[in-house]
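Everything on this sheet refers to the single structure shown next.
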Amino acid sequence: MEILKCKDYADMSEKAAELIVNTINGLQKPVLGLATGSTPEGLYRNLIKAYKKNAVSFVNATTFNLDEYVGLREDDPNSYKYYMREKLFDAVDISVEHTHVPNGDTGNPEEECVRYEKQIRDAGYADLQVLGLGLNGHIGFNEPGSSFDTKTHTVDLDLSTRKANARFFDSLEQVPEQAITMGISTIMHGEKIVLLVSGINKADAVKKLVHGEITEEFPASVLQQHGNVIVIGDEAALSKLG
């Protein structure tokens, strides 16, 4: 596991974007696994800047997002499909048909999980998978106790996760209780994994990730078993690594 220490959030975002640009430019048909939330917003801003400078093109790229809330339409401002269009897709030259986000607005979430997993598998899994890190160690929406063998599946969201995401909604009650998420096994199939962490509130989680035991009670710990993981974090997030 490689640790890339950055001065601050802006530096972290720039370094992550540079890594992704190099990955895209080095492959004929790159497959990217993408994340949402506040942490990767700076990354996406930098990718847009790179695109506008003609430093990168997304025309041959395919993307798969980690997760989506169950019960939200794709035009709901709190859906991750909406987030991705607003933060990245609408500003670059990626084809809509090459962008994939689970369909949370479905009457059969289990069927959607099977369909989405097959799409990822047929694409050959991610060449580069972007992850964030939950305070409880979740990656994607794989909460503590999730099996390391899981593929794309539905999950009941932990209360701590719903509280962390409530800032994006008008109230905690509006935060969906379920989501569709790539499973840990699906994530681990990625060729390279880039995990972004920022802020002092993530320092304990980062310490557990790097130095803690490998346990399903802290899902991100499984990354210790992957051969190509880069943790890109600011000084605050990495402050307890010693």
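The values are calculated or read from the model by the stated rules, or taken from the named source; none is laboratory data. Remember, it's a predicted structure, so these values are computed and weren't measured experimentally. Here Cβ is always computed from backbone atoms with ideal geometry, including for glycine, and neighbour counts include all displayed protein chains. What goes into the accessible areas is simple: the full protein's heavy atoms, side chains included, and nothing from ligands, DNA or RNA. Shrake-Rupley method; radii C 1.70, N 1.55, O 1.52, S 1.80 Å.
Worth pointing out:
- Checking each residue in the stretch 95-111 for being more than 19 Å from the chain's Cα centre (by Cα), under 17 Å from Glu177 (Cα atoms) and open to solvent by less than 50 Å² (accessible area, probe 1.4 Å) picks out Thr106, Pro109.
- Leu195 vs. criteria closer than 18 Å to Asp8 by Cα, surrounded by 15 or more Cβ atoms within 10 Å (Cβ to Cβ) and touching a strand residue (DSSP E or B) at 6+ places or on another chain (Cβ under 7 Å): yes
- Residues of the stretch 184-242 classified as under 18 Å from the mean Cα position of the chain (by Cα) and on the phi > 0 side of the Ramachandran plot, total: 1
- Test: Ala220 is crowded, with 22+ Cβ neighbours inside 10 Å and either within 27 Å of Lys118 (Cβ to Cβ) or of a type in the set (A, V, I, L, M, F, W, C) (or both): yes
For every residue, the table says whether it meets (1) touching a residue at least 60 places away in the same chain (Cβ under 8 Å); (2) part of a strand (DSSP E or B); (3) closer than 27 Å to Ser57 by Cβ.
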{"site": "Glu86", "(1), (2), (3)": "no, no, yes"}
{"site": "Gln119", "(1), (2), (3)": "no, no, yes"}
{"site": "Gln129", "(1), (2), (3)": "yes, yes, yes"}
{"site": "Asn136", "(1), (2), (3)": "yes, no, no"}
{"site": "Pro144", "(1), (2), (3)": "yes, no, no"}
{"site": "Ala164", "(1), (2), (3)": "no, no, no"}
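- Enumeration of residues in the stretch 146-162 that are at pLDDT 95 or above and assigned to a loop (DSSP other than H, G, I, E, B): Ser147, Phe148, Asp149, Thr150, Lys151, Thr152
- For the stretch 56-79, the tally of residues that are free of Cβ contacts under 8 Å to residues at least 40 places away in the same chain, among the acidic types (Asp, Glu) and open to solvent by less than 10 Å² (accessible area, probe 1.4 Å) stands at 0.
- One residue from Val92, Val114 being open to solvent by less than 30 Å² (accessible area, probe 1.4 Å), over 16 Å from Pro176 (Cβ atoms) and more than 16 Å from the chain's Cα centre (by Cα): Val92
- Boolean, Met182 is closer than 25 Å to Glu110 by Cβ, aliphatic (A, V, I, L, M), modelled with pLDDT of 95 or more and out of contact with any Lys or Arg (no Cβ under 9 Å at 6 or more places or on another chain): no
- Among the residues of the stretch 1-20, those identified as assigned to a helix (DSSP H, G or I), open to solvent by 20 Å² or more (accessible area, probe 1.4 Å) and not hydroxyl-bearing (Ser, Thr, Tyr) are Ala10, Asp11, Glu14, Lys15, Glu18, Leu19.
- Looking across the stretch 28-52 at every residue that is open to solvent by 70 Å² or more (accessible area, probe 1.4 Å) and in a loop (DSSP other than H, G, I, E, B), the one that is nearest to Lys81 (Cα to Cα) is identified as Lys29.
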